[in-house]
Amino acid sequence: MNMIEVENVTMRFNMSREKVDSLKEYFIRFMKRQLYFEEFTALENISLTVKQGDIIGIVGLNGSGKSTLLKIISGILKPTSGSARIHGSISPLIELGSGFDFDLTARENVYLNGAVLGYSKAFMSENYAEIIEFAELSEFQDVAIKNFSSGMIARLGFSIATITKPDILIVDEILSVGDFRFKEKSEKRIHDLMAGGTTVVMVSHDIGQIEKLCNRAIWLNHGKLMLEGDAKTVCAAYQAGATQ
Amino acid sequence: MELTIEDILAAISVVIIAATIILVVVNIPRLKALWPGFKKYRHLLATLVSRDIKVKYRRSVLGLLWSVLQPLFFMLIITLVFANVFKLGIRDYPVFYITGFVVFSFVSESTTLSLNSILGNASLIKKVYIPKYIFPLQKCLFALVNMVFSLIAVAIVYIILQVQVYPTVFLLVVVMAYAAVFSFGLSLILSAAVMFFRDVAHLYGIWVTAWMYLTPILYPLSILPEPVQNIVKLNPLVYYVEYARSVMIDGVIPDLNTNLICIGFALLTLIIGLVFFKRTQDRFILHM
Ligand SMILES: Nc1ncnc2c1ncn2[C@@H]1O[C@H](COP(=O)(O)OP(=O)(O)OP(=O)(O)O)[C@@H](O)[C@H]1O
Ligand SMILES: [Mg+2]
């Protein structure tokens, strides 16, 4: 079964140096006929189909469009052209602290983030203990997360996002900030989710991790899809291609 | 018989109401498709509204007190100054003023808070998918709660001045619903517009001040010369304020025209808001 269908997705951003973001400026420039738009293509005609149970890795240099693609899959960004469809529930872990309010405590954030993902308060209360235990944050439950280390934030986010078995889990680099113990734990949890049929799309600069966890991978370069295939082949080609 | 401006507005409202019914019927499948999304995010909406309430009321006792004291304070000053200086000769001027004030405050508070609600949640919206209308809706619901609290102030005035209470007071719920729909529509327009043009916030701030004077809160509409009256009568808030006064002070159920105009303005604003918001929402993130 196809869980994710990305069809001919192109994403362009407006990169004008002087962004017109006030009515006043808009009118002045409109009168002077000075409304320029410089476009930057972050993704160009990307198509990708992900089947149920796939663990797919995305590799590529900084700025190659990996996070942009994940945001389009998660529905956060709408592509300039093309379409992205998903089937089933999705837990996105885009960047550190997705869906957190840094002024709130870990406890409050568990409920807030749960609500963001569509879970009720009662459901989060039932699972609260397990979330905190897995994230190993029992001593920090009532500390504002702005005082957390990045690894601690990543642990909490990962722990919340994986408390249910989402049909699709999106992971953008956040696994790499945890320490080795948490890395082992989270990899084990991803294996558990895989066994339960969850489809995972992950971005990592840790090629070893991609090779270990993923069965498939794609390589993005300057917004273009260079190669798609089994993880080992793609990672090898990426490393060979990127060091040239 | 001469047509009044109310008659014309009421006629237009009938058209708007009919158009809305047709729009709703035609779009039933699309509206139904929205429902699962709303259901999924209702916990988030509840969490956000209760967080707003907690921040305002629980963390400071002053919060609740402020909601009650502020209208009372203004009422006192305005009554002392206006009622005496201008000799308006209105029965129960404090009640007259505070009713208008509460209605106007609701509209101005809900729209002003909504205006920045999407921009203010940029960090969230950039990292997870959330239907964006949740944020203006959150602020409108929060303002509605505040309005209910400020009714305590109205009750206090009633008790102190021993003003007569009519059974029509329950119709206040109706005008609150009208005003809420109107405010939500306006909130959708403003919160979307400010994503593209930041100075909308500034301009709206100026407008709200002007709007307060263009709404008969301090003065009765009847003191204005007729041509001016006819212009002021294009202001939707006139009808919401008059509705509230009619049920609170006169004990009279507002006539059909007033009801039609209230609904007409509310629906028109809501539809414009929904269409504008829907057409622009995908581009918000590019301007954050
Ligand atoms: N909102 C935006 N506005 C303008 N340009 C953007 C926006 N988001 C991303 N870009 C541009 O798109 C390109 C791809 O960015 P993206 O974040 O997808 O890269 P990435 O592959 O995730 O990189 P990294 O490995 O550093 O995380 C970058 O050049 C970036 O400048
Ligand atoms: Mg990235």
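The values are calculated or read from the model by the stated rules, or taken from the named source; none is laboratory data. Keep in mind that this is a model prediction, so the values were computed, not measured. Positions of Cβ are backbone-derived with ideal geometry, glycine not excepted, and every protein chain shown enters the neighbour counts.
Against the criterion of being modelled with pLDDT under 95 and either more than 10 Å from ligand 1 (Cβ to nearest atom) or farther than 30 Å from residue A:149 by Cα (or both), residue A:38 qualifies. In the set B:268, B:224, B:256, B:190, only one residue is farther than 30 Å from residue A:26 by Cβ, surrounded by 14 or more Cβ atoms within 10 Å (Cβ to Cβ) and not aromatic (Phe, Trp, Tyr); that residue is B:224.
Right, residue A:67: hydroxyl-bearing (Ser, Thr, Tyr) and within 16 Å of ligand 2 (Cβ to nearest atom) or not? Criteria met by residue A:67.
Number of residues in segment A:142-177 that are within 16 Å of ligand 2 (Cβ to nearest atom) and either closer than 12 Å to residue A:132 by Cα or not in a helix (DSSP H, G or I) (or both): the value is 5.
Within segment A:168-191, the set of residues being more than 16 Å from ligand 1 (Cβ to nearest atom) and within 14 Å of chain B (Cβ to nearest Cβ) comprises A:168, A:169. If the condition is being more than 8 Å from chain B (Cβ to nearest Cβ) and either under 20 Å from residue A:136 (Cα atoms) or among the charged types (D, E, K, R) (or both), then segment A:72-100 contributes A:85, A:93, A:96, A:100. Residues in segment A:135-194 that are more than 25 Å from residue A:84 (Cα to Cα) and among the basic types (Lys, Arg): A:146, A:155, A:181, A:183, A:185, A:188, A:189.
Of all the numbered requirements in (1) assigned to a helix (DSSP H, G or I); (2) more than 16 Å from ligand 2 (Cβ to nearest atom), residue A:53 misses one, and that requirement is (1). Of all residues in segment B:1-51, those that are hydroxyl-bearing (Ser, Thr, Tyr) and outside any helix (DSSP H, G or I) total 1. Candidates B:111, B:99: the one that is closer than 18 Å to residue B:138 by Cα, buried (at least 18 other Cβ atoms within 10 Å of the Cβ), away from chain A (no Cβ under 14 Å) and in contact with a helix residue (DSSP H, G or I) (Cβ under 8 Å, 6 or more places away or on another chain) is B:111.
Does residue A:190 satisfy being within 16 Å of ligand 2 (Cβ to nearest atom) and assigned by TED's automatic domain parsing to the domain that holds residue A:63?
Values: within 16 Å of ligand 2 (Cβ to nearest atom): no; assigned by TED's automatic domain parsing to the domain that holds residue A:63: yes.
For residue A:190, the condition - within 16 Å of ligand 2 (Cβ to nearest atom) and assigned by TED's automatic domain parsing to the domain that holds residue A:63 - is not met.
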